[in-house]
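Enquirer: Before I ask anything, let me first share the structure, which is written out below as structure tokens.
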Amino acid sequence: MMNRRHARGEISLRTQEALHGYAFILLWVVGFALFTFLPLIETFQYSLNRVTVTASGITLNFVEWANYTRALFTDPNFVELLIGYTVETLVSVPIVLIFAMLIAMFLNLRFRFKSVFRTIFFLPIVITSGPVIKELTAQGVASVPGITNMAAVSEFLAELPSALRSPVEYLLTSFILILWFSGVQILIYLASLQKVDRSIYEAAAIDGASGWEAFWKITLPSLATATVVNAVYTIVTLSHFSENKVIRYIYDRTYDIHGGIGYASAMSFIYFGVMVILLGIIYLSLRRWAQRGLR
Amino acid sequence: MISAKLLQHPIADRLRGLFLGSRARHGLLFNLVLYALLIAIGFVYLNPLLFMFITSIKNANDLLNPMVQWVPTELYLGNYTKAFRVLNYPNTLTVSFLMSVTPAALQTFVASLVGYGLARYRFRGKSLVFLLILATFIIPPQNTVIPQMLTYRQLGLLGDPLALILPAFLGQGYRSAIFILIFYQGFLSLPKVLEESARLDGASDLRIFLTIAVPSALPAYIVSMIFGTVWYWNETFLTAIFLEGGVTTLPMQLSRFVQAYENLYPPGVVNIFDRLNEAVKMSGTFLNILPLLVMYFILQRWFVESVERTGVTGE
């Protein structure tokens, strides 16, 4: 008798706690339904229709997968842009990660004028925006100074097989641009470097480990989680960037008079799919590496 | 044997300490390489900004003169007066300020509520909520933006600041997910004792949250406010769609700079020196990031320290 009442009291306490918890996240749940879930479903519905905008609203004509086949098989630009995006992302992510890790390790050392350098290295976080980047690229400041004009470079590029040419060209023309996307990643690495216990390094040094060994055996494994977080962050930022060519293309098509919205929606979903696959590939490979590193 | 002895000689030891460093401090060689690398990378980062600034103070002659690269013959501010007019600066600056601080503040508040709820309460479906939060971060905006735009149009909210503020208030702002996770992490690392004793004293959940949890998570609030403001300021995709035809932010005006310039200074009418050139464009770009730069240099100590204290790594 006593026991059961106790048990009931426990349950109601649990329920009470859960209800309070739901109250805290209620605003978010409503927002998710209204501003993410419903629009996502609607966009998918548009992608299966020819959408015409009228004065009173919109009319839908069901066309099955026609918008998707048009994007993948008829449109001469879209697939090419998608491939370009994939290549650029796969090239950029490792560069951003390695560069951010290096800078974070520098900033984790003790040296003079550290705060000056720290201020400079975090500057891109503050000023990286679509229009600013666009103006800077238009002026040619985003590439390594003068490198694309050099005859040797263009000859070298012409020698390369076509599959390699576009990544290398992209690397040369947008190297600085890529570095500008590493601000937040540096912060994340720095935060997790500062959590590493100094005494581990001391113990390793006493056992005779060199700095090189300490990096591979201590620093790198302790940055594993941060690396996964950073990789996801980098891919998402690059993919959502408003000057991204695929996004610009989709945005321009949206305002086409003939079935613009439906077609743009279908392209959005294909783009989303490619992005998720990229995320999946990089996430899984990094996670496997991270787990091996921790063991 | 001999060489080992020689290496252990006090003077050799001191020399080695000077060049290669010891455990206590770095050596000269190490420092040299370190500073060289830091300065090189720092230059790579500052180069575009320097270029932007120097181009913006060049007059028309300097601009055409190939001899003038880094040092203009005079400090010419005419580009700025033009860019100032073209950008409609006082107006767009105010709009940009309001349209970034307001959503950032609301988003910060809601993100902290959600983060607290997730960190402190046990309830079913929590892992689903986490998954959906992550999804809001990953889903590209163009997959959800068109229906929202059409709904806003029907409600007559297109171009209204509310179109941007409403999602932020419901936790669906620009990158809200990151802030929720930061707050979750922040509250999780705080001790529960104070909150539990307040609960025993009969304080309500909301009161505990507002009077105990919020003050102790102050670094997370600072991070969320700063990043939220910066990201909203720099965001142009959503603003271009939701605010089109209504209020104009600074980056929006910058992205149609050419058109706005030619409206003010029609190319057929003005003399050749007043045509649109890079110097004016760079002045506009610089005016665009100037408020952020000022904010950054004022807040930068808090900025880095708070990030370090909140530990954004989300493990």
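The values are calculated or read from the model by the stated rules, or taken from the named source; none is laboratory data. Fair warning: this is a prediction, and the values are worked out from it, not measured in the lab. Cβ sites come from the backbone with ideal geometry, for glycine too, and all protein chains shown count toward neighbours.
Enquirer: Here are some residues: B:124, B:153. Which one is charged (D, E, K, R), over 25 Å from residue B:191 (Cβ atoms) and assigned to a helix (DSSP H, G or I)?
Expert: B:153
Enquirer: Looking only at the range B:183-238, how many residues end up being over 29 Å from residue B:303 (Cβ atoms) and of a type in the set (Asp, Glu)?
Expert: So the answer is 3.
Here is a yes/no grid of residues against (1) farther than 21 Å from residue A:81 by Cβ; (2) more than 9 Å from chain B (Cβ to nearest Cβ); (3) not hydroxyl-bearing (Ser, Thr, Tyr):
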{"residue": "A:231", "(1), (2), (3)": "yes, yes, yes"}
{"residue": "A:249", "(1), (2), (3)": "no, yes, no"}
{"residue": "A:256", "(1), (2), (3)": "no, yes, yes"}
{"residue": "A:260", "(1), (2), (3)": "no, yes, yes"}
{"residue": "A:275", "(1), (2), (3)": "no, no, yes"}
{"residue": "A:278", "(1), (2), (3)": "no, yes, yes"}
{"residue": "A:283", "(1), (2), (3)": "yes, yes, no"}
{"residue": "A:288", "(1), (2), (3)": "yes, yes, yes"}
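For every residue, the table says whether it meets (1) within 30 Å of residue A:191 (Cβ to Cβ); (2) assigned by TED's automatic domain parsing to the domain that holds residue A:279; (3) touching a residue at least 12 places away in the same chain (Cβ under 8 Å); (4) among the hydrophobic types (A, V, I, L, M, F, W, C).
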| site | (1), (2), (3), (4) |
| --- | --- |
| A:24 | yes, no, no, yes |
| A:32 | yes, no, no, yes |
| A:43 | no, no, yes, no |
| A:55 | no, no, no, yes |
| A:60 | no, no, yes, yes |
| A:74 | no, yes, no, no |
| A:83 | no, yes, no, yes |
| A:96 | yes, yes, yes, yes |
| A:114 | yes, yes, no, no |
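Enquirer: Which count do you get for residues in the range B:258-272 that are surrounded by fewer than 21 Cβ atoms within 10 Å (Cβ to Cβ) and within 14 Å of chain A (Cβ to nearest Cβ)?
Expert: Counting residues in the range B:258-272 that are surrounded by fewer than 21 Cβ atoms within 10 Å (Cβ to Cβ) and within 14 Å of chain A (Cβ to nearest Cβ) gives 3.
Enquirer: State which residue is nearest to the chain's Cα centre (by Cα) when the search covers only the range A:98-112 and only residues that are without any contact (Cβ under 8 Å) to a residue 12 or more places away in the chain and surrounded by 15 or more Cβ atoms within 10 Å (Cβ to Cβ).
Expert: Step by step, filter the range A:98-112, then rank; the result is A:102.
Enquirer: Looking at the range B:258-278, which of its residues are in contact (Cβ under 8 Å) with a residue 40 or more places away in the chain and among the polar types (S, T, N, Q)?
Expert: Matches in the range B:258-278: B:277 only.
Enquirer: May I pose another question? Quick one: which residue in B:135, B:111 is small (Gly, Ala, Ser) and surrounded by fewer than 22 Cβ atoms within 10 Å (Cβ to Cβ)?
Expert: On the way: B:111 fails: surrounded by fewer than 22 Cβ atoms within 10 Å (Cβ to Cβ).
After ruling out the rest, the residue left standing is B:135.
Enquirer: Pairs please, first residue from the range B:66-94 and farther than 17 Å from residue B:256 by Cα, second anywhere and surrounded by fewer than 18 Cβ atoms within 10 Å (Cβ to Cβ) and hydrophobic (A, V, I, L, M, F, W, C), Cβ atoms under 7 Å, 6+ apart in sequence or on different chains.
Expert: B:70/B:54; B:72/B:54
Enquirer: Give A:126, A:116, A:132 a once-over and let me know the one that is surrounded by fewer than 17 Cβ atoms within 10 Å (Cβ to Cβ), modelled with pLDDT under 90 and within 13 Å of chain B (Cβ to nearest Cβ). I'd like the intermediate steps shown before the answer.
Expert: Values: A:126 fails: surrounded by fewer than 17 Cβ atoms within 10 Å (Cβ to Cβ); A:132 fails: surrounded by fewer than 17 Cβ atoms within 10 Å (Cβ to Cβ).
Criteria check complete, one pass: A:116.
Enquirer: Identify all residues within the range B:279-295 that are in contact (Cβ under 8 Å) with a residue 40 or more places away in the chain, within 12 Å of the chain's Cα centre (by Cα) and within 7 Å of another protein chain (Cβ to nearest Cβ); write none if there are none.
Expert: Passing the criteria: only B:292.
Enquirer: Here's something else I'd like to know. Among all residue pairs at least 6 apart or on different chains, which show Cβ distances below 6 Å where the first residue, located in the range A:250-271, is assigned to a loop (DSSP other than H, G, I, E, B) and the second is not hydroxyl-bearing (Ser, Thr, Tyr)?
Expert: Final answer for the pair search is A:259/A:50.
Enquirer: From the list B:211, B:239, which residue is closer than 23 Å to residue B:103 by Cβ and either part of a helix (DSSP H, G or I) or not charged (D, E, K, R) (or both)?
Expert: B:239
Enquirer: If you take the residues in the range B:46-84 that are in a helix (DSSP H, G or I) and touching a Leu at 6+ places or on another chain (Cβ under 6 Å), which one is farthest from the other protein chains (Cβ to nearest Cβ)?
Expert: Once the filter is applied, the top-ranked residue is B:83.
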